[in-house]
Amino acid sequence: MYFRTRLLPAAAWALAFGALLPRLLADPRAADAVARKPAREVAVTFDDLPGVVAPGEGIEELRSLTEKLVRAIAAEKIPAVGYVNEGKLAPSGAREPERVALLRTWVAAGLELGNHTYSHTDLHRAPLDQFEEDLVRGEETTKTLLSSGHMRLRYFRHPFLHTGRSLETQRALREFLARRGYLVAPVTIDNSDWIFARAYALAKQRGDPPAAGKVARAYVPYMEAKVEYFERQSVRFFSREIRQILLVHANALNADHFRDLARRLRGRGYSFITLERALEDPAYASADTFTGPDGISWLHRWALTSRGQDGILPGEPATPGFVLEAAGLSEE
Ligand SMILES: [Zn+2]
């Protein structure tokens, strides 16, 4: 009797563990847990397609940027969504097939496109009816391209993350978007990648590789610091890390260095998920009555809505001074 009671738990343990171990190893999330790595999730979104280049640059630079960036996203197997300004397809008024072809590169790689209005209209400046008109104008080519890839236009991203200065405007736009079958694509990991990109592009354009290199070397650590900050902001508000949504832009800096950033994120335990999966996180149903002037992270909107300024974690990483200066900006 004594013998059996001592032996049985050990035998049961061996059986259970023996059955469990292969499953732990087969499931990447469980394997992560075994390695004590946090299982983090992030959806990646790229704004301002087909891309942002330096003044005076055109289709050649856009093509090289697009090919490199899409190759990087595909190599990292990231189900990213790109937000299009169709006005950039027609810089002289008529739509240019070479520019439409840039968007086709995204769709051919299986990447989804969303609407970012035709002319990157600022909802905090334009009247709502004009904004809505520009939004509809921005659907045409994207819809056609998506249908050729058996996808449907379903996501909308506010330019400048400006969501409206009154609850009334926000409600009206929300209803307009819902009628047209759109979901709003929020951002939780907001950052100033566009300032680094401007500094990088200007340095490259004037033939100053050391300056471009200095900006690029500061970029990934800056982005990782932002990611870490928003992880902590998430824990402060939700007591857990939610499925994050990262905003970056289609530019030469990301074409050259997004893979480094993606690897750094994997090193933090992130897996790259679809925007659809991110939005299934109940966090995205949190109350948001933010009507301030700035385009800020949704993590900050939710915190401000329910806790005011006290809800915001201090110490959000800032853009280094030398980057601002190299971009021709004095302050953020
Ligand atoms: Zn934008």
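The values are calculated or read from the model by the stated rules, or taken from the named source; none is laboratory data. Just so it is clear, the structure is predicted and the values come from calculations on it, not from any experiment. Glycine also receives a Cβ, built like all others from the backbone with ideal geometry; neighbour counts cover every protein chain displayed. Remember, those area values only see protein heavy atoms, side chains included, never the ligands or the DNA or RNA. Shrake-Rupley method; radii C 1.70, N 1.55, O 1.52, S 1.80 Å.
Residues of the stretch 236-256 include none that is part of a helix (DSSP H, G or I), without any contact (Cβ under 8 Å) to a residue 12 or more places away in the chain and closer than 27 Å to Arg307 by Cα.
For the stretch 45-90, residues that are modelled with pLDDT of 95 or more and more than 16 Å from the ligand (Cβ to nearest atom) total 19. Collect the residues in the stretch 91-118 that are within 15 Å of the ligand (Cβ to nearest atom) and closer than 21 Å to Glu61 by Cβ, keeping them in residue-number order. Answer for the stretch 91-118, where residues must be within 15 Å of the ligand (Cβ to nearest atom) and closer than 21 Å to Glu61 by Cβ: Leu113, His116. Looking only at the stretch 75-94, how many residues end up being touching a residue at least 24 places away in the same chain (Cβ under 8 Å) and surrounded by 14 or more Cβ atoms within 10 Å (Cβ to Cβ)? Number of matching residues: 13. The set of residues from the stretch 265-308 being touching a strand residue (DSSP E or B) at 6+ places or on another chain (Cβ under 9 Å) and either in a helix (DSSP H, G or I) or charged (D, E, K, R) (or both) comprises Leu265, Arg266, Arg268, Leu275, Glu276, Arg277, Ala278, Leu279, Asp281, Tyr284, Trp298, Leu299. Going through the stretch 191-221 one residue at a time, which ones are open to solvent by 30 Å² or more (accessible area, probe 1.4 Å) and either assigned to a loop (DSSP other than H, G, I, E, B) or within 30 Å of Gln233 (Cβ to Cβ) (or both)? Within the stretch 191-221, Trp194, Arg198, Arg206, Gly207, Asp208, Lys214, Arg217, Pro221 meet the criteria. Among the numbered conditions (1) free of Cβ contacts under 8 Å to residues at least 60 places away in the same chain; (2) within 16 Å of the ligand (Cβ to nearest atom), tell me where Thr163 comes up short. With (1) free of Cβ contacts under 8 Å to residues at least 60 places away in the same chain; (2) within 16 Å of the ligand (Cβ to nearest atom) applied to Thr163, the lone miss is (1).
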